[in-house]
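Input: a single structure, listed below in structure tokens.
The values are calculated or read from the model by the stated rules, or taken from the named source; none is laboratory data. Please read these numbers as outputs of a predicted model, since none were measured by experiment. Methodologically, a virtual Cβ is constructed for each residue, glycine included, from the backbone with ideal geometry; neighbour enumeration extends over all protein chains shown.
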Amino acid sequence: MVGKSRSSFTVICLSVLFIFFSFSYASLAHESLVDKVYETTLANGLKVILLENHKAPVVTVQVWYRVGSRNEAWGKTGLSHLLEHMMFKGSKKFSAEDFVRIIEENGGNNNAFTSHDYTAYFVNMSADRVAIPLELEADRMRNAIFSEKEFLTEKNVVIEERRLRTEDNPQSYLHEQTFATAYQVHPYHWPIIGWMEDLERITLADARAYYDRYYTPANAFVIVAGDFSRQELLPKIEKAFGHLSATHAPNQGVGREPTQPGERRLVVKREGLVPALMMGYHVPNLKNPDSYVLEIIEAILSHGKSSRFYERLIREKQIALSADADYSLTSFDPGLFFISAEALPGKDLVALEKAIDEEIKRLQTEPVPPDELSKVKNQLQASFLYGQDSVFYQAMVLARHEIAANWKSVDEYLPSIRRVTADDVIRVARQYLLPENRTVGILTPLPPQKDKPVAPEQSATEKRHGR
């Protein structure tokens, strides 16, 4: 009797939770994020994006620069990421120690990240102290200090970071080489961290010139989300950033990647434990409506333990240790639909590749069942909506859409996902997920070398910035 009562109670609780979350989801689904956003541009060209959210007395202040590894040149790769390091080395008004101390004394936290398309800096802090990060970020936008000593130190940190995270990581190295093979003209060819040879020869003058060109008001935008009044915050932003000199935004045009004429394959031999496989298909970004169909395909293949990769490759056939699909909707230029998998020890990569191809073929020939399509739409919609409980994430999603197109396009996400049909999935899979449109990377693991030196620990700078 006790077990039965407990079971009934569980069913009742789950039913109540389902009704609650369904009601909350329906409410959120009718809200427009764009309607809550205010945009203006200062006289010097700095765009300001504000999103008021009064759920908690906190704010996130983020400065996004439209510069990433795609803006670098042959022989100068890694400059964007290296500059991210240098931006924490002090500015005209604030030393490196002052910057960290001021934020920590006021209960805040900060960090930065670099991608192919952007470099972003953020400070999360109590809402009543929002003026503090504004002043700090404004000063280092144009007044960062570059000393030869600090530059050489940070260059060595980045070189070691590359050695630890790429050179000594077989999967990361394969990922890098697959991208470099897939892109032969476009600067997505080179890694965000840069090639080792380039890092070794980059000079302080290179970094300074790159900073002067790209770290300007016209090439950046400030986004603030959280508990503030727009009427009170705008004068503070104008005071902090308005005096910076006006400049022209640099040209964002780069070489366009030509249509791939046929499948490319590469084999990497590195020390490792298991064989690995990576596939990259050239696909569009959110400027093309097919991008939302690719979001659905990514979810069908690899979102959760009910996904096709998990069900077929890991659970049923037991040939994969891991299998994943990855797609970046908000890349500035057309990117790759990326598939990666590790073979289960003792299993054959040829069989794993064949199994992946079979799943792609299913997408191209068999309509996705209505219940499966509904499931993945619900997953994507719930992830998108409930992620917005965080003001940091709200700012991030707006910023990423702003980088790729315009922040207003964020409101197109949910309607576009809902409109995807089973026929769309077949059409898009047939159009893009083709052997002649892909690059395949194979990792052949080598046994570890004897008496290999132990890698050193992360530097204090790497630990502080989560690298």
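Restricting to the range 359-376, give me the number of residues that are in contact (Cβ under 8 Å) with a residue 40 or more places away in the chain, within 19 Å of GLN431 (Cα to Cα) and not in a loop (DSSP other than H, G, I, E, B).
Qualifying residue count, the range 359-376: 6.
How about the range 402-436: which of its residues are farther than 30 Å from ASP371 by Cβ and either surrounded by 18 or more Cβ atoms within 10 Å (Cβ to Cβ) or small (Gly, Ala, Ser) (or both)?
Matches in the range 402-436: GLU402, ILE403, ALA404, ALA405, TRP407.
In the range 85-99, what residues are surrounded by fewer than 21 Cβ atoms within 10 Å (Cβ to Cβ) and in a helix (DSSP H, G or I)?
If the condition is that a residue be surrounded by fewer than 21 Cβ atoms within 10 Å (Cβ to Cβ) and in a helix (DSSP H, G or I), then ALA96, GLU97, ASP98 are the ones that fit.
Out of PHE332, PHE309, PHE337, I need the residue that is touching a Phe, Trp or Tyr at 6+ places or on another chain (Cβ under 7 Å) and not β-branched (Val, Ile, Thr). Which one?
Working: PHE332 fails: touching a Phe, Trp or Tyr at 6+ places or on another chain (Cβ under 7 Å); PHE309 fails: touching a Phe, Trp or Tyr at 6+ places or on another chain (Cβ under 7 Å).
Within the list PHE332, PHE309, PHE337, the selection yields PHE337.
Going by the conditions given, is ARG312 under 30 Å from VAL58 (Cβ atoms), buried (at least 16 other Cβ atoms within 10 Å of the Cβ), outside the structural domain of GLN171 (by TED's automatic domain parsing) and among the basic types (Lys, Arg)?
Working: under 30 Å from VAL58 (Cβ atoms): no; buried (at least 16 other Cβ atoms within 10 Å of the Cβ): yes; outside the structural domain of GLN171 (by TED's automatic domain parsing): yes; among the basic types (Lys, Arg): yes.
No: the conditions fail for ARG312.
When residues of the range 202-220 are filtered for being of a type outside the set (Ser, Thr, Tyr) and free of Cβ contacts under 8 Å to residues at least 12 places away in the same chain, how many remain?
Residues of the range 202-220 that are of a type outside the set (Ser, Thr, Tyr), as a first pass: 202, 204-209, 212-213, 217-220.
In the following step, the residues that additionally are free of Cβ contacts under 8 Å to residues at least 12 places away in the same chain were identified as 205, 209, 212.
Of the residues in the range 202-220, 3 are of a type outside the set (Ser, Thr, Tyr) and free of Cβ contacts under 8 Å to residues at least 12 places away in the same chain.
Tell me, yes or no, whether the range 238-260 has at least one residue that is modelled with pLDDT of 95 or more, charged (D, E, K, R) and under 30 Å from ARG129 (Cβ atoms).
yes
Tell me, yes or no, whether the range 304-317 has at least one residue that is touching a residue at least 60 places away in the same chain (Cβ under 8 Å) and in contact with a strand residue (DSSP E or B) (Cβ under 7 Å, 6 or more places away or on another chain).
No, that holds for no residue.
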